[in-house]
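Here's the structure, in structure tokens; my notes come after.
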Amino acid sequence: MAKNPDLLPEDIQRIIGRDAQRNNILAAKMVSEIVKTTLGPKGMDKMLVSPSGEIIITNDGVTILDEMQIEHPAAKMMVEIARTQESEVGDGTTTSVMLAGKFLENAERLLDKKIHATTIAKGYRIAHDKAQEILKDLSLEISPENEEVLKQIAITAMTGKGAEDSKHIFSEMISKAVKLVSENGDVDLNDIKIEKLKGNSIADSELVQGVVLNKEKISQDMPKKIIEAKIALVDFPIEIKNPEIDTKISVTDPGQLQKFLKEEEYEIRSLVEKIVSSGANTLFCQKGVDDFAKYLLAKEGIYTCRRVSRSDLEKISKATGGKIISNIDEVNSYDLGDAEIVEEVKNKDDYYTYIRGCKNPKSVTILIRGGTDHVIDEIGRAFMDGLGDVASVVRTKLVVPGGGAIEIELSKRLREFAQSLDGREQLAVVEYANALEFIPSTLAENGGLDPIDILTQLKAEHEKGEKNTGLNLFSGKIENVLGEKIIEPYKVKSQALSSASEVAIMILRIDDVIASKPNKEGNMEKYEFGNGFDTRSLR
Ligand code: ADP
Ligand code: MG
């Protein structure tokens, strides 16, 4: 460890050279070790307790790392991989972090052999490019029309998560939801709203062909249920005064006041009449609806919700085909949305508005139910994995075999490719290839099987040309996983490879860490370096 007292102020810490590399690699490795036990269908869950005592129970890589509030700079970069993976595909977070950790761990072996970090980085880059090429080659094209395959993708994604027991119903909901909202081969996951409802059991979760709003109708006198709903969507207030401006009106005699009130009444009346004459029997308003308007709307039997958020209004618009109207004079029958049923439903102490049975909804809602918040939240995360995977397959139409099959085949072909390179880069490519075996070996280990045995068998099968042979953790057997329909999106693997490689290379190239210590206000990044490395330095 060296510090230059002439150049740097006292409170700057600096580590350079091999120390810096070692420290960063160790941090990265630790992050990968943390998430490792959750990988695959037999992975275990983690319980995370926040300082305020809130509990999260999860199996989801990105959630674990996010909640841990890691502060070591290199470890933070590892957490970034998980976040990128989550936002790009929505699944494969554990895999990507594990790979980055292993790439770095293996690089350390080469560093120990006095191979320079830039040479390793170059070798890794070559390995990554080749790996992407092979991956593409090995992927299989499927038709997004094939609902069975989409369901199977969702099942593989949700296996081992909280949703395990209901994964068959859930996978059906997911593939149906994605198919409904997809347009021209693209899917916007924002069109699938996830609403969580405590109470009842997981099996009561449902796909609503429409929207579920956490809103009640504004008056008890309005109908509880509308059949054959004609829905008006408006983003202007149905009230007179602009609540943001205080107005003062001086009146000199009661007659004037009466006249003034009458005029207000008249205006509200005409607003409501225009809505009624459009043929609407349901109204969703983004702004306020005042008492008099409420009274009139109830009298006309119009189901009304007010202060509906813009994003919900847009979802209702997409689900029902109705147009959001900004000017009362434009309310007309053509722009109304349609739904089979709009109704108010009570759940525990809350009221919800269900808009159901939309004919060709471009926005749907998945209603997740369960006994406790922990259960519902973890199922929500499993749903996000499943949705992300199915959406990605609808987009790219490419899948790869799971259960470690793809990693073993990639690893084998990369090693063959390495033979064509010379010298030190060859060694780096071989280490990169070896790192990929971390996935099948961990799947085996988490499944209570001997990782070395399983790896040996898998490699032997792949040597024979059985490229789709993987570990099926349901049967505990080495077999053709495509036959067993353990399939994953191509995109999950390609994204995991690229973000893991990128970060590994970036960390590898760092040989000088200059860090500010926290100042008195504590608003600087804070972490400790040490000769050794203990978990505290991750915090
Ligand atoms: P990630 O966060 O990386 O998605 P997961 O915990 O979801 O991690 O595990 C994904 C891994 O589990 C993939 O490698 C996938 O192939 C594997 N997997 C899924 N189902 C099975 C199965 N039935 N048998 C063996 N491996 C499986
Ligand atoms: Mg997953």
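The values are calculated or read from the model by the stated rules, or taken from the named source; none is laboratory data. No experiment lies behind these values; they were computed from the predicted model shown. Because the Cβ atoms are built from the backbone with ideal geometry, glycine has one as well, and the counts that use them run over all protein chains shown.
Listed here are the residues, each with its yes/no results for (1) touching a residue at least 24 places away in the same chain (Cβ under 8 Å); (2) aliphatic (A, V, I, L, M).
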position: 130; (1), (2): yes, no
position: 134; (1), (2): yes, yes
position: 154; (1), (2): yes, yes
position: 161; (1), (2): yes, no
position: 168; (1), (2): no, no
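crowded, with 19+ Cβ neighbours inside 10 Å and within 10 Å of ligand 1 (Cβ to nearest atom) - does that describe any residue in the stretch 445-463? Taking every residue of the stretch 445-463 in turn, at least one turns out to be crowded, with 19+ Cβ neighbours inside 10 Å and within 10 Å of ligand 1 (Cβ to nearest atom).
Conditions (1) touching a Lys or Arg at 6+ places or on another chain (Cβ under 8 Å); (2) not in a helix (DSSP H, G or I), marked per residue:
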residue	(1), (2)
389	no, no
421	no, yes
424	no, no
430	yes, no
433	yes, no
454	no, no
462	yes, no
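Could you count how many residues in the stretch 367-394 are away from ligand 1 (no atom under 16 Å from the Cβ) and under 26 Å from residue 493 (Cβ atoms)? The number of residues fulfilling the criteria is 1.
All of 485, 397 fail the test of being away from ligand 1 (no atom under 16 Å from the Cβ) and in contact with an Asp or Glu (Cβ under 9 Å, 6 or more places away or on another chain), apart from 397.
Checked across the stretch 500-518, the condition of being among the polar types (S, T, N, Q), at pLDDT 95 or above and within 16 Å of ligand 2 (Cβ to nearest atom) holds for no residue. Among the numbered conditions (1) more than 15 Å from ligand 1 (Cβ to nearest atom); (2) surrounded by fewer than 18 Cβ atoms within 10 Å (Cβ to Cβ), the only one that residue 110 does not meet is (2). Tallying residues that are within 25 Å of residue 440 (Cβ to Cβ) and free of Cβ contacts under 8 Å to residues at least 24 places away in the same chain within the stretch 66-81 yields 0.
Checking each residue in the stretch 471-498 for being outside any helix (DSSP H, G or I), touching a residue at least 60 places away in the same chain (Cβ under 8 Å) and among the aliphatic types (A, V, I, L, M) picks out 471, 473, 481, 482, 486, 487.
Here are some residues: 249, 328. Which one is surrounded by 11 or more Cβ atoms within 10 Å (Cβ to Cβ) and touching a Phe, Trp or Tyr at 6+ places or on another chain (Cβ under 9 Å)?
Details: 249 fails: surrounded by 11 or more Cβ atoms within 10 Å (Cβ to Cβ).
Unique residue meeting the criteria: 328.
Among the candidates 248, 262, the residue that is basic (Lys, Arg), out of contact with any strand residue (DSSP E or B) (no Cβ under 9 Å at 6 or more places or on another chain) and assigned to a helix (DSSP H, G or I) is uniquely 262. Just one of the listed residues (342, 393, 364) is touching a Leu at 6+ places or on another chain (Cβ under 7 Å), modelled with pLDDT of 90 or more and more than 16 Å from ligand 2 (Cβ to nearest atom), and it is 364. When we screen 117, 75, 131 for residues that are modelled with pLDDT of 95 or more, away from ligand 1 (no atom under 13 Å from the Cβ) and small (Gly, Ala, Ser), the only hit is 131. Residues in the stretch 123-167 that are away from ligand 2 (no atom under 16 Å from the Cβ), surrounded by 16 or more Cβ atoms within 10 Å (Cβ to Cβ), assigned to a loop (DSSP other than H, G, I, E, B) and of a type outside the set (Gly, Ala, Ser): 2 in all. The criterion of at least 3 residues that are more than 16 Å from ligand 2 (Cβ to nearest atom), in the same structural domain as residue 438 (by TED's automatic domain parsing) and not polar (S, T, N, Q) is met, among helices (runs of 4 or more DSSP H) falling completely within the stretch 1-118, by 17-36, 73-88, 93-112.
Of the numbered criteria (1) in contact with a strand residue (DSSP E or B) (Cβ under 7 Å, 6 or more places away or on another chain); (2) of a type in the set (A, V, I, L, M); (3) away from ligand 1 (no atom under 16 Å from the Cβ); (4) more than 30 Å from residue 271 (Cβ to Cβ), the one residue 341 fails is (4).
Could you say which residue among 22, 18 is more than 16 Å from ligand 1 (Cβ to nearest atom), of a type in the set (Lys, Arg) and farther than 27 Å from residue 440 by Cα?
Result of the check over 22, 18: 18.
Considering each residue of the stretch 308-317 in turn, none proves to be of a type in the set (A, V, I, L, M, F, W, C), within 27 Å of residue 171 (Cα to Cα) and in the same structural domain as residue 195 (by TED's automatic domain parsing).
Take the residues in the stretch 269-284 that are closer than 12 Å to residue 331 by Cβ and polar (S, T, N, Q); name whichever of them is modelled with the lowest pLDDT. Among residues in the stretch 269-284 that are closer than 12 Å to residue 331 by Cβ and polar (S, T, N, Q), the one modelled with the lowest pLDDT is 270. So for the stretch 427-435 (the condition being at pLDDT 95 or above and within 16 Å of ligand 2 (Cβ to nearest atom)), does at least one residue qualify? No, every residue in the stretch 427-435 fails to be at pLDDT 95 or above and within 16 Å of ligand 2 (Cβ to nearest atom). Identify, please: which residue in the stretch 26-66 is more than 15 Å from ligand 1 (Cβ to nearest atom) and surrounded by 22 or more Cβ atoms within 10 Å (Cβ to Cβ) and is, among those, farthest from the chain's Cα centre (by Cα)? The qualifying residue farthest from the chain's Cα centre (by Cα) is 27.
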